[in-house]
Structures are given as structure tokens and as C-alpha cells.
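The values are calculated or read from the model by the stated rules, or taken from the named source; none is laboratory data. Keep in mind that what you see is a predicted model, and the values were worked out from it rather than measured. Here the Cβ is made from the backbone with ideal geometry for all residues, glycine too, and neighbour counts use every protein chain on show.
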Amino acid sequence: MNFERIKEKLNILADAAKYDVSCSSSGSDRKNKGKGLGDASKMGICHSYTEDGRCVSLLKILLTNHCIFDCAYCVTRKSNDVKRAAFKIQEVVDLTMNFYRRNYIEGLFLSSGIFKSPDYTMERLIAVAKKLREEENFNGYIHLKSIPGASDELMYEAGLYADRLSVNIEVPTVSGLKLLAPDKKHEDFTKPMLKVKNELIRYKNERKIIKSTPKYAPAGQSTQMIIGATGETDKDIMFSAAHYYKKYHMKRVYYSGYVPVAEDNRLPAIGSQVPMLRENRLYQTDWLLRFYGFAVNEIVNDTHPNLDVDVDPKLSWALRNMEHFPVDINKADKRMLARVPGLGMRSVHKIINARKFRKLNWDHLKKIGLALNRAKYFMVCDSRNWERKDLDAEKIKGLILQNSSGKFRNQYSTQLALFN
Ligand code: SF4
């Protein structure tokens, strides 16, 4: 092995892979059965983060940054003048095994530019995973990117070796995709997604009957959207995400703020950057959809197409829907408790358990460990020590922000003086 050349390839191909944020390794239960190396079921994976906050706990590389396509938002596109490199299949296998043995990584995240054709590229990605599993007996985590346009047969085979598969939608709207990635068609993404979804269902059903049925992509499939490249609203993004969750059974949708990498009049200028806060608000919304029973149009809609910057989406929804509050903590159902700003699902379960034995007052709520600084404006309990009285949404928002440590605090301190 020529170490200098491998090091150079690693520099180029790890750097090119950093724009893909869909590298969470949660959700796999692949076990080491006593032989071989690694155990993807040990999910205390020690994630570490690069300067820009992105996860690098896995060996995260491209097989190559050569690409026949020219997607405007991508640093790897064929018209970009960058240094190119390609790993051989055995090189990726050796790197993974060596890094794993040295305890540098817990698994592999392997993506690629498209060289020759989607199927040719996908075959090579699968060959890496197959060698790791069958020749090296590697039981660690493997996340393979699915190449848009790859055939059903290859998508099927990929799921036999990978823990997770993902094909990145990249641009949240079909019109944006046409504008920025003219080589790609919408079906190039949805067809592989559909195949993976159908195989996941089929394997799950077969395992109910035949326990020894092998696993197929046990950590499911995920996708990534680039945010802020085409002027889309948060409503466009979240409706698109909700569609992919529902129709293709996505385990996760990741939101990645667009980083301008080239001058192009179809794209935001170099130097402009999507604020990290926008990504955070989208992830908070995603969480509300998946775990708190919110429908997407409750949070973003035609009258409220973008998420608030100064307050999180749950608080924003509550302030716009004050007719649902205050919630009686001793009577409300789980769905309504989960909608109280400041109450997470753990707090909701604590309330439901505690109220089986007594009517809860503020002291009880504090004793079971609830943080009430924002929740108190949206609930009543068996006590008169605190009442919302005549506080309206604007004043509640001001009081919450004034007592927070965020950067919007000062703005509201001044406004609140008007109420005193
Ligand atoms: S196909 Fe993928 S790697 Fe190639 S230019 Fe488009 S986004 Fe980049």
C-alpha cells in the first residue's frame, strides 16, 4: 500500500463527503454473534464533531469525487475545478478494518460521485460492503448511499449488507431540482426509495413467519435535503419531509444548510450562509411531527410559511392558538399535555403517572422534576398560587423571552417595559 497516496486520497474524499449530514448511526441492531469484528448494536457510538458541528464518528468518505453529473449545489460536480481521486474497493475495506482495529471509528459511511453510470457506481459501493461482511466478518455499522437511478436489483442487494441506506433528495422541490440538477429526474430518487421501503416491509413480514430470515437494512432508510439553495419556504421543506416520512417510511430526514461552493447566478452568493438556527428550527419541527402528534399544516401553512426565529415551533404554535389553553394538567389527555410548551414527552408521562394517585398542584409538579418556567403560562393545576390572569400571547412571549438566556431577550425586555 502506498501510504502517501492513500493519505492524499483520504484528504480529498473525506473532505468532499463532509457536506452530507445524514450520518446518524442510530437504529441498527446488528449483533456480533461471537465471531468477527464489531457490533453495530452497541449504539453508544462515540460521535465526534468537526469544527462546523458535523458528525464524523464513522469513517465518512466518498469512493470517488469524479462525477458525470453537474448539480449546481455540489462541490463534486463535473464542471468544478477540484482535485479528483478514487479509492479502489480493497483500499476502502483495508482503511475501514485498520481504523476500526485502532478504535478510531465504529463503522463506515460510504458515498460516491457517479462515475460511468449509477449502476456501475452502486455495484462498487455494494462490493465494499460485501467484502467487509463476507471476507472480513465485519459486524460494525455500514451506511451506504444509494445512487440516484440505481436499479432495483442493486438496491435489493445493498440492503443485504448495509445497516442503513439513504438516497439524498437534496433539493426539496421538484422545480428546484430541475433548475439545479438538470441531469436528475425526480423518479431517480423515489424509485430506489420505494424499492427499499417494499423490501423492508417484505423482510419484516417474512421474519414473523421464518425467524431465521436475514436482516435487510435494519436501520432503515434516510434522506437529506439541502436548505436555502432555491429560496424555498420552511413550509415547502416540511411538507416535503412529511411526504417522504409517510410515503417511503423514512427513518430520518436530515436538513443541511446550503454552503455556497461556487459562483452561480441560480444560487445564493458565496459568503452567504444559512443560519444554523434555521436548521435547528426545522429539526425541532421534524421532532414535533414524529413524536408529538402535530400535523405539518398546524406548524407551517399559507399564513405562516416560515418558522419563527425567536421562539421554537411548539411555543410559536401555542401562542397562535391560545384558545386551546390553559390546559388542566389533572384532566387533559396525553395529546394535549404534549402540546404544552416546555413539556417534553418524559414530563408528560411523569404527569400521567403522578396524577393517578393525587390531584397535582405546583409543588407536586416541581417535586416530580418538571421545569415550569414556560409551561406555567399554558396550564392550570390544583392550586391558585399562579394564574395566567389576563396575559395575552404577546405578553407571554415577552415574559418567556425576558427570562431566557437567548439573544432575543434584550429586544423583549424593552418591549415589556411598555406593559408595566
Ligand atoms: S450526482 Fe451527486 S456527486 Fe454528482 S454532482 Fe450531483 S450531487 Fe454531486
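Numbers at a glance
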{"quantity": "Identity of the residue in region 132-153, in a helix (DSSP H, G or I) and surrounded by fewer than 19 Cβ atoms within 10 Å (Cβ to Cβ), that ends up nearest to the chain's Cα centre (by Cα)", "calculated": "Asp152"}
{"quantity": "Val93, sole failed condition from (1) crowded, with 21+ Cβ neighbours inside 10 Å; (2) in a loop (DSSP other than H, G, I, E, B); (3) not basic (Lys, Arg)", "calculated": "(2)"}
{"quantity": "Residues located in region 233-246, provided they are touching a residue at least 24 places away in the same chain (Cβ under 8 Å) and either hydrophobic (A, V, I, L, M, F, W, C) or farther than 16 Å from Met276 by Cα (or both)", "calculated": "Lys235, Asp236, Ile237, Met238, Phe239, Ser240, Ala241, Ala242, Tyr244, Tyr245"}
{"quantity": "Region 188-221 - residue that is among the basic types (Lys, Arg) and assigned to a loop (DSSP other than H, G, I, E, B) and, of those, nearest to the chain's Cα centre (by Cα)", "calculated": "Lys215"}
{"quantity": "Near pairs, Cβ below 9 angstrom, 6+ apart or cross-chain, from region 159-184 (within 28 Å of Leu58 (Cβ to Cβ) and in a helix (DSSP H, G or I)) to any residue that is within 16 Å of the ligand (Cβ to nearest atom) and among the polar types (S, T, N, Q)", "calculated": "Leu177/Thr230; Leu180/Thr230"}
{"quantity": "Cβ pairs under 9 Å, 6+ apart, first in region 56-78 and touching a residue at least 40 places away in the same chain (Cβ under 8 Å), second surrounded by fewer than 20 Cβ atoms within 10 Å (Cβ to Cβ) and part of a strand (DSSP E or B)", "calculated": "Ser57/Tyr49; Leu62/Ala86; Leu63/Ala86; Thr64/Ala86; Asn65/Ala86; His66/Ala86"}
{"quantity": "Residue match in region 72-87 (condition: away from the ligand (no atom under 16 Å from the Cβ) and on the phi < 0 side of the Ramachandran plot)", "calculated": "no"}
{"quantity": "Conditions (1) surrounded by 16 or more Cβ atoms within 10 Å (Cβ to Cβ); (2) at pLDDT 90 or above: number failed by Tyr412", "calculated": "(2)"}
